[in-house]
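The values are calculated or read from the model by the stated rules, or taken from the named source; none is laboratory data. Predicted model, so just to flag it, every value in this text is computed and none were measured. Neighbour counts are summed over all protein chains in view; Cβ atoms, including those assigned to glycine, are modelled from backbone coordinates with ideal geometry.
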C-alpha cells in the first residue's frame, strides 16, 4: 500500500490532534498513579507504627499491613485505568473470573491461607513456643501466611502447612509456666515399697529445681507380673523441665544402688496363651 504525502500529513495531524486531546487525561492518570503510590507507602508506614505502638503480635502486624497494602494498590490501579478511559466494569468481571479460576486451582493454598489467619488471630501458639503437632515436636521460629516453621531439638527445620495445623490437635508446652514430668520406676517384689518411696521422695527434695508447690507425687502405679511400677511425678518450670527429667532418673538410680535396691528391667509379657491340650510342665 502506497501512501502519498497528503495522506501521511493527514495521519500525522490526526495523531497529533488525538494526542493533544488525550494528553490531559493521560497526564492526570499518571499523576494519580505516582501520587497514589506515594500516599499508599505513607499510609502503610503509619499503620505499621500504630500497630507496633499497640503492641500487636509482629506476625499479625506484618500480615494486616500487607493485606492493606495490596487492597490500596488494587483500588489505585482501578482508578488509574478508569482515568485513562478504560471501562472498569468489564475489567472487574475479568478479574473476578480469573480469581475464581485461581481459587479453584489453589484450594489447598487457600486452606493454608485461611489456617494462617486463624492461627494469627486466635493465637494457639506464638513464636518461641514449643509445640507438638502433626506428629512432630519443635520450637516455633516463624508463623508465615501459608506455613509455620518449627525447629526441632536436633536443629532440623520443619514446615507445617497452616491448613492441616489449624485443623489438627496442637499441644503447646510453653503456654503454662510449669510442667509435670511423668516417670515410672520399676522395682522387684522383693523390695520394700515404703523404703523405695522414701528414697525417691528424698531425691526429689534434694533437687532445688523441683517445685515444692504443686507437690511432687510418688505412688504405686501398677503391679505387673514382673515388677512393681512406681509413678514419680515432679513439677518444674518449663526451662528446667528436661534437666529435672534426666536428673530424677539418674539420682534415683544412684540412690537405689547405694541402698541395694535393684531396678527391675522391663519384661515384655507374652500374649501367647497355653494350649489346653498340652501338658503343663
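State whether the residues of the stretch 47-57 include one that is surrounded by 11 or more Cβ atoms within 10 Å (Cβ to Cβ), under 30 Å from residue 84 (Cβ atoms) and modelled with pLDDT of 80 or more.
So far as the stretch 47-57 goes, yes, one or more of its residues are surrounded by 11 or more Cβ atoms within 10 Å (Cβ to Cβ), under 30 Å from residue 84 (Cβ atoms) and modelled with pLDDT of 80 or more.
So if I check each of 187, 200, which one is outside the structural domain of residue 134 (by TED's automatic domain parsing) and modelled with pLDDT of 95 or more?
200
Could you please give the count of residues in the stretch 120-139 that are out of contact with any strand residue (DSSP E or B) (no Cβ under 6 Å at 6 or more places or on another chain) and either assigned to a loop (DSSP other than H, G, I, E, B) or buried (at least 16 other Cβ atoms within 10 Å of the Cβ) (or both)?
5
List the number of the failed condition for residue 155; all other conditions in (1) farther than 30 Å from residue 231 by Cβ; (2) in a loop (DSSP other than H, G, I, E, B); (3) in contact with a strand residue (DSSP E or B) (Cβ under 6 Å, 6 or more places away or on another chain); (4) at pLDDT 90 or above hold.
Single failed check for residue 155: (3).
I'm checking my understanding of the structure. Among residues of the stretch 145-154 that are more than 8 Å from the chain's Cα centre (by Cα) and without any contact (Cβ under 8 Å) to a residue 40 or more places away in the chain, which one is farthest from residue 118 (Cα to Cα)?
Looking only at the stretch 145-154, we keep the residues that are more than 8 Å from the chain's Cα centre (by Cα), and these are 145-146, 151-154.
Right, trim to without any contact (Cβ under 8 Å) to a residue 40 or more places away in the chain and you get 146, 151-154.
Working: 146: 11, 151: 21, 152: 23, 153: 27, 154: 29 Å.
So, considering only residues that are more than 8 Å from the chain's Cα centre (by Cα) and without any contact (Cβ under 8 Å) to a residue 40 or more places away in the chain, the one farthest from residue 118 (Cα to Cα) is 154.
Answer yes if at least one residue in the stretch 111-133 is in contact with a helix residue (DSSP H, G or I) (Cβ under 9 Å, 6 or more places away or on another chain) and at pLDDT below 75, and no otherwise.
No, the stretch 111-133 contains no residue that is in contact with a helix residue (DSSP H, G or I) (Cβ under 9 Å, 6 or more places away or on another chain) and at pLDDT below 75.
Residue by residue through the stretch 194-215, note down the ones that are touching a strand residue (DSSP E or B) at 6+ places or on another chain (Cβ under 7 Å) and surrounded by 13 or more Cβ atoms within 10 Å (Cβ to Cβ).
196, 197, 200, 201, 209, 210, 211
Could you grab me the full set of residues in the stretch 21-61 that are under 23 Å from residue 119 (Cα atoms), in a helix (DSSP H, G or I) and out of contact with any helix residue (DSSP H, G or I) (no Cβ under 8 Å at 6 or more places or on another chain)?
49, 50, 53, 58
Checking the conditions here, which among 182, 225, 240, 247 is modelled with pLDDT of 90 or more and loosely packed, with under 14 Cβ neighbours inside 10 Å?
Exactly one of 182, 225, 240, 247 is modelled with pLDDT of 90 or more and loosely packed, with under 14 Cβ neighbours inside 10 Å, namely 182.
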